[in-house]
Amino acid sequence: MADHLLGSFVRRFLLEEVVVDRNLTRNTQRSYRDAIRLLFDFIALRHATEPTRVTVEQVTAKVVRAFLDHIEQERGNTVTTRNQRLAALHSLFRFISRQVPELVEQATQIRAIPPRRTPTPVMPYLDKSEIDALLAIPNRQRAQGRRDYALLLFLYNTGARASEAAGLTVGDILLGTAPAAHLLGKGRKTRVCPLWTHTANVLRDLLGSRAQGPRDAPVFLNVRGKPITRFGIHTLLARTVEKATVTTPSLQVKRVSPHTIRHTTAVHLLRAGVDINTIRAWLGHVSLETTNRYAEVDLEMKAAALETCAVHEAGAPNHQVPHWREDTELMKFLTSL
């Protein structure tokens with residue numbers, strides 16, 4: 001039986017499976033593309049095989065493990081990047097196994113390669129006073145200040161990602177009796193987030209006559225009247241944080257990004273008594289495990305607070321609370337995506 005060329009599967013995987021069938025984002029497609037390109041480069045280097053001649057049978061679990069060692073040890077990639085490359089190959093071989101039943105065993109061996117464990121990063125979030133300090137910075141007497149205030153308030157209200165806020169259109173927000181925002185998140189999944197009355201009023205004032213304009217018009221514009229970008233949102237927040245540190249020095253030691261605001265929304269919702277499943281839907285998390293990290297943060301805070309008022313036996317030491325937990329046509333195709 002003839003071997004199967006990997007390239008023929010790669011095209012269908014990236015163009016049909018990733019984009020059409022699974023409706024994944026452009027960034028995910030590019031991440032998968034980069035992983036496959038690196039694999040082709042590795043095989044060309046180690047096995048002197050041109051990308052167009054690489055067969056599926058040639059990419060064994062042993063080869064994939066050697067490839068992962070290569071990108072981590074020789075290319076100097078982090079464990080997180082290694083795991084992202086592995087996830088791409090898992091997805092590719094899952095697709096291949098559905099197309100060719102006789103390759104199921106090989107695909108299963110590759111998909112059995114586990115990701116490397118990584119340390120759980122510290123969950124950054126802001127206290128209410130720090131959020132208030134950020135919202136106090138924009139000069140709402142000026143057009144740019146009104147835009148800055150509305151955007152910061154929207155991020156805090158909804159827990160939106162920077163890309164979701166940048167892509168928000170007039171048709172995505174409802175400013176009637178039950179104000180809400182439709183957000184297009186990862187995997188092109190849409191979720192609805194309620195808006196505070198104050199947020200709705202601020203957005204209504206920001207839009208003015210634009211609220212009656214085209215539904216696909218962007219809500220947040222830059223100083224040139226063009227749609228704001230993710231980079232523009234990061235820049236706006238960095239500028240605001242720098243000014244706010246004058247009155248709120250605690251911000252100097254915190255790394256504040258749009259995702260920090262997202263974490264802050266989750267922690268504050270949890271403190272307000274909102275159940276974890278509602279927060280999961282609010283933030284658009286696929287896995288409840290992701291949302292549970294906020295519950296762990298809240299438990300740590302409660303445990304630390306409890307310890308400060310605990311009664312200790314006379315003479316007994318105060319113990320700290322424990323921490324909870326070159327190019328062929330195939331390669332040109334990959335480049336063109």
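Since every read-out is calculated from the coordinates, none of them should be taken as a lab result. Just so you know, these numbers come straight off a predicted model, no measurement behind them. In this analysis, Cβ positions are derived from the backbone assuming ideal geometry, glycine residues included, and neighbour counts consider all displayed protein chains.
Quick check: net charge around Pro258, other residues with Cβ under 10 Å of its Cβ, Lys/Arg +1 and Asp/Glu -1?
On the way: positive: Arg161, Arg230, Arg262; negative: Glu164.
With Lys, Arg at +1 and Asp, Glu at -1, the neighbours total +2.
Which entries of Lys226/Lys254; Lys189/Lys226; Lys62/Lys189; Lys62/Lys186; Lys186/Lys254 show an alpha-carbon separation above 29 angstrom in the structure shown?
Numbers: Lys226/Lys254 31 Å; Lys189/Lys226 25 Å; Lys62/Lys189 36 Å; Lys62/Lys186 32 Å; Lys186/Lys254 26 Å.
Among Lys226/Lys254; Lys189/Lys226; Lys62/Lys189; Lys62/Lys186; Lys186/Lys254, the Cα-Cα distance tops 29 Å for Lys226/Lys254; Lys62/Lys189; Lys62/Lys186.
I'd like the FRET efficiency for Ile276 and Lys128, computed as 1/(1 + (r/R0)^6) with the beta carbon distance as r and R0 of 35 Å, rounded to 0.05.
Values: r = 20 Å, r/R0 = 0.58.
After rounding, the FRET efficiency stands at 0.95.
So who's got an amide H within less than 5 Å of the one on Asn222, skipping anything under 5 residues away but keeping other chains? H placed 1.01 Å off N, in plane.
Ile228
Taking amide H positions as placed in the peptide plane 1.01 Å from N, state which residues far from Ala217 in sequence (5 or more) or on other chains have amide H under 5 Å from it.
Val170, Gly171
Please give, to one decimal in nm, the separation of the simple spin-label points placed at Thr169 and Ser257, each 7 Å out from Cα toward the Cβ.
That separation, rounded to one decimal, is 2.8 nm.
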